[in-house]
Amino acid sequence: MRRMVIAAISLVGLFVAMYLWLYKLGVLGQLSCSIGSCETVNTSKWATLMGQPVAFWGVCFYVAMLTVAVLGTLERFEGDRRIALALTVMTGGGVLFSGWLTYLELAVIHAICQWCVVSAVLVLVMFALSVAELTARSPER
Amino acid sequence: MSLVASTSPRASQKRFVFVLAAIAVVGVGVLGYVATRPKGGGEAIDPNLPVGTAQGFLMGSPDAPVKIVEFADFECPGCGQFATVTEPDVRERLIKTGLVSLQFFVFPLPMHQNTWAASNAAYCSNEQGKFWEMHDRLFYTQDLWNTQATSSPDKKMMGYAKDIGLDEGKFEECYASKKHYPNIKASGAEAERVGIQQTPTLIIGGKKYVDQLSYDLIKRLVDEEIAKAGKSDTSKKGAK
C-alpha cells in the first residue's frame, strides 16, 4: 500500500515538475503563483543545474521514483527489500536537495516559490513513507 | 491499511491503476489547458525572423575607465528590481562621475509574453534619442504592462511614448512596423553567444555577475577594475 501511495505522489510531483519545466521552456507564459514569487525563483541562477533547469532534474527524479514505486507494487517484487531501500535512498537524496533549494529560496534569493514548496512537501512525505516501508521490511521482522 | 488487508491483491491493484490513471488524466488536462490557453499578449515570434544587429545602448562616456555590460529582459522582475533600486545609485555615483559606462543589451526571455512589445517600444524610443527614458518607464511600471497585467500591451506602450515626450506619430509608425524585431532577436542571440543564462546579468571587468548586486558591491568591483588598470581610485573622483 505504501508503495502505491508513493507512486501516486510521484505522479503528482511529476506534473508539478513538468509545469515548472514547461515554464522554463517558454511554453506556459506566466506561472500561476498566488503565494510567493515563483518567477523570481525560477529565473534566478539557482534554477539551473548542470546546464539544465532544476525542474528538468525534478522531472527525472519523479519519473525514476514512479518507476521504482510501480515496480515495487508488482507481485514478484512485493517482498523485495531492495525496492524499499532504493525508495529510501532516492527520497533521502530528494529531501536533502529540496532542503538545499528551500534554504536558497529563503536565505539567498529571498523569494519563495509555492510549487517548489509543494514539491518539497511531496518529497518529504515520500521519504517518511519510504522509511516506514524499509522499517517494515527489515530482516529482523 | 486494514482496508487493503481486507481486499484482494487484484482489487487493490485495480484501484491503484485507477488512481494513477485519474491523476494522469487530471495532470495532462491541467497542463494541456495552461499550455494552450490564450496567453496575455502572447505574441508569436516568427522563428524565421532574420537576425539583425545586436545593439547595446550606452549610458555614460565611451571613454569611461570601467565598462559595465548589462543583459536584461524588460519583463523580468529581477531586472526591474535592479533598474529601480540599484541602478539609480550607479548612475548618480559612477556613471555621472565618469568612472563607468553602462551598455544595455535586451535579452527577451521566452516565458515573457510582453517583453518583445516592451523591447520594441524601447528600440523605437531610441530612434528619437529617448531609449533610457523608455527603459526607466518600462521598468518602473513593469507590473502595469507585464503578462499578468494585460493581454494587449500596445496601448500602454503608446501611453508611455506620450508620457516621455516622443513624437507619437513616428513612434507608432516604428512600433507597428516591428522593424526592430530582427535587432531584438540579434541582441538575444548576442546574449546567448556570450553565455548569458538568466537576467539580469552584469559583466564587469570581463566577469559575469548574476546575483542581485548591491551598489556597494558594484562600487567595490569598479574600484578593483580601476586599481587593476593602475588608474586613480574612485574616491579621488568624488564617488562615495
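The values are calculated or read from the model by the stated rules, or taken from the named source; none is laboratory data. If you're wondering where the values come from, they're calculated on a predicted model, not measured in any experiment. Backbone-built Cβ (ideal geometry, glycine too); neighbour counts: all protein chains shown.
A few notes on this one:
- Residue that is surrounded by the fewest Cβ atoms within 10 Å (Cβ to Cβ), among those in the range B:186-205 that are in contact with a helix residue (DSSP H, G or I) (Cβ under 9 Å, 6 or more places away or on another chain) and away from every other protein chain (no Cβ under 14 Å): B:205
- The residues listed here are B:83, B:64, B:72; of these, the one that is at pLDDT 90 or above, more than 30 Å from residue A:76 (Cβ to Cβ), among the hydrophobic types (A, V, I, L, M, F, W, C) and in contact with a Cys (Cβ under 9 Å, 6 or more places away or on another chain) is B:72.
- Matching entry among B:101, B:119 (being of a type in the set (Ser, Thr, Tyr) and farther than 26 Å from residue B:214 by Cβ): B:119
- The residue of the range A:23-41 that is farthest from residue B:33 (Cα to Cα), among those that are modelled with pLDDT of 75 or more, within 9 Å of another protein chain (Cβ to nearest Cβ) and crowded, with 20+ Cβ neighbours inside 10 Å, is A:24.
- Only one of B:44, B:54, B:22 that is modelled with pLDDT of 75 or more and more than 8 Å from chain A (Cβ to nearest Cβ): B:22
- Filter pass, residue B:149 being within 30 Å of residue B:222 (Cβ to Cβ) and touching a helix residue (DSSP H, G or I) at 6+ places or on another chain (Cβ under 8 Å): no
- Answer from A:107, A:84, A:64 - the residue that is at negative phi and surrounded by 17 or more Cβ atoms within 10 Å (Cβ to Cβ): A:84
- Selection within the range B:165-185: residues that are more than 19 Å from residue B:75 (Cα to Cα) and of a type in the set (A, V, I, L, M, F, W, C). The member of this set that is nearest to the other protein chains (Cβ to nearest Cβ) is B:176.
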